[in-house]
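Written out below as structure tokens is the structure these notes cover.
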Amino acid sequence: MDLNKNNSLIHRKRGATLGMAELIAIALGGMVGGGIFTILGISVSMIGAYTPLAIMLGGLVAALAAYSYVKLGVYYKDEGATYSFFKKTFPKSSFASSLVGWWIVFGYISTIALYAYTFSSYAISGFSFADNEWIRKAVAGAVIAVFTLINVWSVKGMGKIEDVMVYTKLIILVVISFVLMNNTQTSLPVLLQESGSASILGVLIVASITFVAYEGFQLVIHAVDEMAYPEKNIPRSIYAAIALAITIYVIIALGAIAAIPFEDIVKNQEYALASGANDVLGHWGTDLVIAGALLATSSAISGTLFGASRLMAVIASDGYFPALLAKRSNHIPIPSILAMSGFAFCLILAGNLQVIVEFGSVTFLLVSLLMAYANHKIRHLTNSSPYLTILALIALSTGTVLIIYFEASTQIEQLFFIAGIYVLLTLGAWLFSKVQASRQR
């Protein structure tokens, strides 16, 4: 415990530059990355007017997941976050460390694919070829290439572009929220009556699927070396960002289902807001929605690629990825950036929007489940409530099972596709852990 006290003193004395406003922006920029633009159509098609409720429940599950991240972040104060927490909690299991590393990195790759797919869907939504799947995938690959070049080009240049995109997208999303609410065509009670009763199971499944829209709050922990008083600022910034994300998502969802006919949202799931905004808000409304979607997804692609590529390089330096991925040029992990971009594009080519969303949600539910387990194991050191850690374990386990059940019941091919990816990831993690263990003997 004395070591942690000394770490706190170090963080107070060093020239920390990130305050609460910046930390909240980091977390919110990571979470609000186009998720609402993607999950809205899928949610409405499944549970109609109960979509805001499912989105809110997904946010509460995210808050439970964040509890363990916060406790572990404050205890370890390690910028490696997820991977480092698990490695330090279970130091004798090289396979566990490798597995978490592979899962979290490919979870980030799935979100890059998701954001790029959403960017593409909205970018071409006004053209006659909007529903052409291969054009959509080509544009998604192009936007990944653009931000790959930006990340390889300059950290400073990427940072300036990211700052502009994050703050601009938040302003646009707030404007979209209030514009939709002011142009409602009906009321929520009427919508609920017209939708009929949605099953509790359906709402819980959608809440689990929407979990990927809250991924990103843990990015705050990567900045632990640049913040003052991490024991206070980590929990405050993460919980505040999750609360703001829930608020933004719910308001947009409420405005959308009240202002845009359900059939328009369901028919054009990939760009639901843009397809319905033209009839309700006019041409300028559509342009505003598209601008918001493009900025939200662009900043998320850039930020995720920036942070996750460095995590991949760290894991590679520990021997759990090919050594080439650990190499850096002027502190920029170019091989890792290129590898993440390439895998993201491969996932886009191989899957569709729904399978990417579900793979991302399952991955982050599983990783968050492992974090909750790690926190529960050392709860006496992190001063964690056993009740909250157990509740998080139950919620995250349930969410994972519900998505698997949904896939098995409706689209067994997608379940086999997702399972196949996990088999490959687990095999890769096992092989590299064996190699690393033999080197340490």
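The values are calculated or read from the model by the stated rules, or taken from the named source; none is laboratory data. None of these values were measured; they are calculated from a predicted model. Ideal geometry is used to build each Cβ from the backbone, glycine not excepted, and the neighbour counts take in all protein chains shown.
Summary table below
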read-out	value
Residue check for Ser433: at negative phi, surrounded by 16 or more Cβ atoms within 10 Å (Cβ to Cβ) and in a loop (DSSP other than H, G, I, E, B)	no
Test: Val105 is touching a residue at least 12 places away in the same chain (Cβ under 8 Å) and in contact with an Asp or Glu (Cβ under 6 Å, 6 or more places away or on another chain)	no
Residues of segment 370-405 satisfying the condition of being touching a Ser or Thr at 6+ places or on another chain (Cβ under 7 Å), under 22 Å from Gly101 (Cβ atoms) and surrounded by fewer than 21 Cβ atoms within 10 Å (Cβ to Cβ)	His376, Lys377, Ile378
Selection within segment 285-303 - of a type outside the set (A, V, I, L, M) and in contact with a Leu (Cβ under 6 Å, 6 or more places away or on another chain)	Gly292
Count of residues meeting criterion [of a type outside the set (A, V, I, L, M, F, W, C), closer than 22 Å to Phe359 by Cβ and within 16 Å of the chain's Cα centre (by Cα)] in segment 26-82	9
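Per-residue answers, yes or no, for (1) more than 26 Å from Glu231 (Cα to Cα); (2) touching a helix residue (DSSP H, G or I) at 6+ places or on another chain (Cβ under 8 Å); (3) at pLDDT 85 or above; (4) part of a helix (DSSP H, G or I):
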| residue | (1), (2), (3), (4) |
| --- | --- |
| Trp284 | yes, no, no, yes |
| Thr304 | no, yes, no, yes |
| Arg310 | no, yes, no, yes |
| Ser341 | yes, yes, yes, yes |
| Gln354 | yes, yes, no, yes |
| His380 | no, no, yes, yes |
| Tyr387 | no, no, yes, yes |
| Ile390 | no, yes, yes, yes |
| Leu396 | no, yes, yes, yes |
